[in-house]
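Shown next, in structure tokens, is the structure this report addresses.
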Amino acid sequence: MIQADGLTKYYAQHPAIVDVSFQVEEGEIVAFLGPNGAGKTTTMRILTGYMPATFGNARVAGFNLAEESLQARRNIGYMPETVPLYPDMRVHQYLGYCGRLQGMAKAKLAERMEYVIDRCGLSERAGSIIGTLSLGFRQRVGLAQAMLHDPPVLILDEPTVGLDPNQIVEVRNLIKSLAGDHTVLLSTHILPEAQMTCERVIIINEGEIVAEGSPQVLTAQLRQAETLLVTIRDDDGTVVRQIKNIPEVVDVRSGAQRGSYYIETEVGSDLRADISEFIVSRGWGLLELRPVEMSLEDVFRELTTEEKGVA
Amino acid sequence: MRNILTIAGKELRSYFTSPMAYVLAVFYLGITGYIFIAIFLLMPQAQTDLVRILFGWMMGLSVVIIPTVTMGLFAQERASGTMELLMTRPVRDWEIVVGKFLAAVGLFVAVIAVTLGYPAILEAVADPDWAMILTGYLGLLLAGTAFIALGIFASSLTANQIAAAIIAVFVLLFFCLIGTLSYSVSHSLGDVFKHLSVLENYGDFSGSSHYRKPTDYLGLPNSWWPLLLGENECPKRSQFEISRITTVPRADAKQAQLRKPRCWRKPASSADG
């Protein structure tokens, strides 16, 4: 549904994205993940026809963005990073305007308006002036606008920014429920969000795609050690030294709390039994022992932070 | 076409849902109304020129109000990010421009339509020269649309509305004042300046009811600008064919208000002063 082919965009002499290529299949929900300034918004602006790429091409819903821009735009629902709202309009006026610009027929527009107002939880505020709405409601209006014409492709630039935790859950569920009928590309720099809502993650950094795959695959690929978290009651200060002496233990770091330690062991090893036995035998009082899984956050940090001297 | 009307309708509605349209209308009608009453009641000897002076002021005020009408059309969309909304709809770029242009023209027409009250009052008490009035309105409309086009261009240059308005006002003033140069430079260059000048061309519409070369009307418009500056301050007044002042003898003036005076008719040759 979305096919980016060697997209490169220069702002004056500065390249914002370089040779970005990826594909999103029909019905997939894909997260576009990257730190601020990585080129997420630039890529999305190119895909929605807002601006042309310097080099490269893209197809959305089967239409070439350079040659059949209008047809492509008809098939895209786009929610930009700064929600494009007219503060002096009422919610239903605004949605009506968006629908007419999409070329929707009157009856269909009325029907869809009712649907998106309900789905985005705007029923009580449909008659409100947008300028009086809270940030969370504005975000929902932006989402309603993108879904209004029932586009096969939804491109959402940071859809949960500015929402409170409950609203974030609502919006994520809403996006998840769109899977299957809609192809969704959403950008975020919030990692748990990508992990929770998306089947596939594309990580972009400094304008280049650095990794692509499901969150599970990505974390597995980049795992360099198994990590165990242990917490003990009677810390006598020799814990680090003594545990390090166990074979297959690579490193021991103290955790945030008193008596807690992260123990890194070799990839593929499982030392839970050995370590618990070791701690009990020393009489330290084992309170907790559990494996720590590498999160997407670690993967992300791994990929997007430059080590000194590497670059 | 539907897209154009959608955009024009939305812009027009937002003019009228904000204080914008009303503030402009009050400003425009207040000043033109004051001039109308002042000349009509207080300076009866100047009534021959009432229509001309009135149109001169309407035109001059347009230089100021039109940039305030057009300043937000694109600048605001840029500043608030809604440009992204417009540009990613299945709407052609020119449809957006034409839609916004029509909205600004609509507001301008609505405001100058109210000024039809002035000729209506004249018709009730006198016998105005309707040909002159209609050509005056035609000229105002053409000049206004030209100003709007320029104002929209200025608005598209920046995301700052105030900057857009200032650019538009200065460029419009430049086109208004360039005509004055035409009297101090060589004849051929002077003609170029005259053709460029909004005011030079406009005089043909508002000041005189006889027509010049049609091509002159297509450019921006003649000589009402000295009215704006104050007739007495214009050193080259004799060169402007419409700046002739016809005086009605004071004794006749009172009568002129009672019966429909001849001075509202087309400026006859006898009126040449």
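The values are calculated or read from the model by the stated rules, or taken from the named source; none is laboratory data. Note that this is a predicted model, so its numbers are computed, not measured. Reconstructed Cβ throughout: ideal geometry from the backbone, glycine too, with neighbour counts over all protein chains shown. All accessible areas refer to the heavy atoms of the entire protein, side chains included, with ligands and DNA or RNA removed. Shrake-Rupley method; radii C 1.70, N 1.55, O 1.52, S 1.80 Å.
A few notes on this one:
- For B:86-98, mean number of other protein chain Cβ atoms within 10 Å: 5
- For the stretch A:2-220, the Kirkwood hydrodynamic radius from C-alpha pairs, put into Stokes-Einstein at 25 °C and a viscosity of 0.890 mPa s, yields a diffusion coefficient of 139 µm² per second.
- Radius ratio Rg over Rh of the stretch A:225-293, counting only Cα atoms, Kirkwood formula for Rh: 0.91
- Estimated 222 nm signal from helices in chain A, with DSSP H stretches of n ≥ 4 weighted -39500 (n - 2.57), rounded to 500: -10000 deg cm²/dmol
- B versus A: buried accessible surface, summed, Å² (probe 1.4 Å, to nearest 100): 2300
- Within the full protein context, the accessible area of A:Ser21 is estimated at about 50 Å² for a probe radius of 1.4 Å.
- Within the stretch A:93-126, the residues that become at least 10 Å² less accessible when every protein chain is included than when their own chain is isolated (1.4 Å probe; DNA, RNA and ligands ignored) are A:Gln93, A:Tyr97, A:Cys98, A:Arg100, A:Leu101, A:Gln102, A:Gly103, A:Met104.
- Cross-link pairs exceeding 27 Å between alpha carbons, from the set A:Lys40/A:Lys176; A:Lys40/A:Lys108; A:Lys9/B:Lys100; A:Lys106/B:Lys10: A:Lys40/A:Lys108; A:Lys9/B:Lys100.
- Protection proxy ranking of A:241-250, B:53-62, A:196-205, A:85-94 - average other beta-carbon atoms within 10 Å, highest first: B:53-62, A:196-205, A:85-94, A:241-250
- Whole-angstrom gap from the stretch A:141-195 to the stretch B:116-134, using each part's C-alpha centre: 62
- Accessible area expressed per residue, the stretch A:2-220, with surrounding protein chains retained (probe 1.4 Å, Å²): 40
- B:Trp130 contributes an accessible area of around 100 Å² to the protein surface, as traced by a 1.4 Å probe with all chains present.
- Per-residue accessible area (protein heavy atoms, 1.4 Å probe) orders A:Ser281, B:Ser156 as A:Ser281, B:Ser156, starting from the largest.
- Working from Cα pairs under 8 Å separated by at least six residues, relative contact order for the stretch A:164-292 is 22 percent.
- For the stretch A:2-220, a simple Cβ point-charge model (Lys and Arg +1, Asp and Glu -1, everything else neutral) yields a dipole of about 660 debye relative to the Cα centre.
- Once all protein chains are placed together, A:Val217 keeps about 70 Å² accessible to a 1.4 angstrom probe.
- Value of Rg/Rh across the stretch A:106-242 [Cα atoms, Kirkwood radius]: 1.16
- Ranking by accessible area, most exposed first, for B:Leu134, A:Leu163 with a 1.4 Å probe: B:Leu134, A:Leu163
- Heavy-atom accessible area order for B:Tyr137, A:Tyr262, largest first, 1.4 Å probe: A:Tyr262, B:Tyr137
- Among beta bridges identified by DSSP and lying wholly in chain A, the antiparallel ones come to about 65 percent.
- Per-selection Kirkwood Rh - the stretch A:117-178 (Cα, Å, 1 d.p.): 12.0
- Shape call, the stretch B:115-186: gyration tensor on alpha carbons, a/c limit 1.5: oblate
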